[in-house]
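Here is the structure we will look at.
The values are calculated or read from the model by the stated rules, or taken from the named source; none is laboratory data. Remember, predicted model here, so these are calculated numbers, not experimental data. All Cβ positions, glycine included, derive from the backbone under ideal geometry; neighbour counts span all protein chains shown.
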Amino acid sequence: MFALLFVGCADKTGNEHGHEAGGLEPLAYTIYSDKTELFVEFKPLIVGSKSSFAAHFTILGETFLPLTEGKVTVSLIVGESGIRNSGDSASSPGIFRLALSPKTAGVGNLVFDIETKNYTDQIIIENITVYPNEQTAQQNQTTNENGEEITYLKEQAWKVEFANAPVRKQTFNDIIKTNGQLLSAPGDEVMITANAGGSVVFSSAKSIVGSEINVGSNLFTISGGNISTGTIDATYKEAKANYDRAKSDVERASELVKDNIVSQKEYLQAKVAFENAQTTFNAIAKNYSAKGQSISSPISGFVKDILVSEGQFVEAGTPLAIVSKNKNLLLQAHLSQRYFNKLPTIQSASFKMAGIDEVFSTEALSGKIISFGKSASANSPFIPITFEINNIGNLVSGSVVEVYLKSSPIPNALVIPTSSLMEEQGNFYVYVQTSGESFEKREIKIGASDGQNIQVLSGVSEGERVVTKGAYQIKLSSASGELPAHGHEH
């Protein structure tokens with residue numbers, strides 16, 4: 001179990017934690033497992049005295065949520081002896097109120113066991129001192145100065161979208177930020193064209209941009225209408241007449257050649273003319289009916305574009321529509337010439353579409369570099385670098401995107417999510433959670449960003465937790481100058 005521990009005396013001001021003058025200062029611990037955050041407050045443990053625990057449990061995830069149901073058991077283990085107390089329900093969302101009366105002095109562990117329908121968890125606070133009497137506890141009291149910490153209660157955080165994340169040390173990459181475009185991959189699109197002249201009739205709702213279609217789906221019908229020449233009807237009639245005439249000629253020649261009335265050469269010429277006429281007629285008649293010739297899709301995919309209007313007259317070979325498989329896409333980034341020498345070091349990229357916060361990675365999309373330019377063109381001062389990626393279904397060909405090209409690796413970089421970053425008058429800062437309900441506004445210096453994470457050069461340390469959701473609400477709370485009332489028991 002991964003656990004991060006914050007410990008200190010509870011805030012004396014603003015939270016109305018309310019203890020008697022000269023009394024024992026309550027302790028506050030904040031511990032993280034991989035599933036749960038525990039923030040618990042209680043007075044120092046004394047043999048024979050009842051200690052009440054206000055245990056706040058938060059379920060970790062993209063958004064932190066209060067633990068609203070389940071059973072929580074707290075156990076105090078000192079040496080070989082132990083006591084426990086359980087709570088079968090929360091007194092209010094996220095808060096379980098428990099109590100223990102220690103029997104043995106010494107140093108031990110507080111163990112919190114969580115049982116819910118969805119998961120179980122165990123959080124341990126180590127090296128908890130149980131004092132033999134209040135006088136000894138008083139002598140060992142310490143007071144922590146809160147400085148400029150901002151108070152933001154669990155009850156507030158649970159009402160908004162809130163989350164935090166640890167500052168991590170990892171290998172990052174030097175980033176080149178640029179722009180680019182998503183394009184259809186070669187062979188992933190098919191142009192549908194008219195086989196003959198005539199008026200275009202849309203066949204069904206499939207002839208709408210964005211419609212999903214299968215192989216053989218009928219998209220259009222080419223009809224001759226009232227036009228007598230140059231249409232599919234005229235073409236069909238002409239091909240039928242040529243076919244019938246060539247068939248008659250070859251049948252006649254096959255009989256005459258037996259009696260040497262016609263030569264073998266003349267017979268072969270008639271046979272070739274018949275086969276040509278038959279091929280042409282079959283090709284036209286294949287999708288032809290009294291209503292005209294139907295045009296179907298040769299691949300499965302979706303209709304990317306319709307290039308004609310219903311009723312429009314077209315000639316043979318006129319483009320009618322574009323059908324895309326949409327399985328693969330090209331990500332083409334436009335690289336400034338000053339980064340030309342870094343091209344060999346680029347291995348992958350992240351990108352995001354305009355108006356969408358989600359960041360996509362070429363690595364996650366099984367992407368690979370398929371080409372990069374060796375020079376800039378007269379039309380553009382940029383050098384193209386192209387990745388082929390799998391389309392997971394929500395990427396749109398033709399979209400303009402922000403691209404973060406990943407270049408040389410940066411070992412042991414401190415990294416935080418970009419969502420934690422706040423800006424004020426050109427300076428960047430984050431909110432660091434120093435304990436369960438205390439935060440500190442911390443100015444930082446930033447380095448490279450891949451759109452999802454950002455390198456921190458100074459201002460935070462590995463393992464500290466920064467707010468990734470809800471930072472704006474903390475800012476508003478601190479700007480109001482009002483300290484919230486607190487109803488926790490001790």
Practice task
Considering every residue within region 64-74, establish whether at least one is loosely packed, with under 14 Cβ neighbours inside 10 Å, more than 16 Å from F42 (Cα to Cα) and either over 40 Å from the mean Cα position of the chain (by Cα) or not assigned by the TED database to the domain that holds V47 (or both).
Solution key: no
Completion exercise
Selection over region 331-346 where residues are at pLDDT below 90, over 15 Å from K374 (Cβ atoms) and crowded, with 17+ Cβ neighbours inside 10 Å yields a count of 0
Practice task
Please tell me if N287 is at pLDDT below 85, out of contact with any helix residue (DSSP H, G or I) (no Cβ under 8 Å at 6 or more places or on another chain), of a type in the set (S, T, N, Q) and surrounded by fewer than 16 Cβ atoms within 10 Å (Cβ to Cβ).
Solution key: no
Handout entry: region 193-214, residues that are over 28 Å from the mean Cα position of the chain (by Cα), surrounded by 15 or more Cβ atoms within 10 Å (Cβ to Cβ) and not polar (S, T, N, Q)
Key = A194, A196, G197, G198, V200, V201, F202, K206
Handout entry: Cross-chain or 6+ apart pairs with Cβ under 6 Å, region 95-117 first and at positive phi, then part of a strand (DSSP E or B)
Key = G106/V78; G106/V130
Problem - Unmet criterion (only one of (1) modelled with pLDDT under 80; (2) farther than 20 Å from P319 by Cβ) for I232 - result: (2)
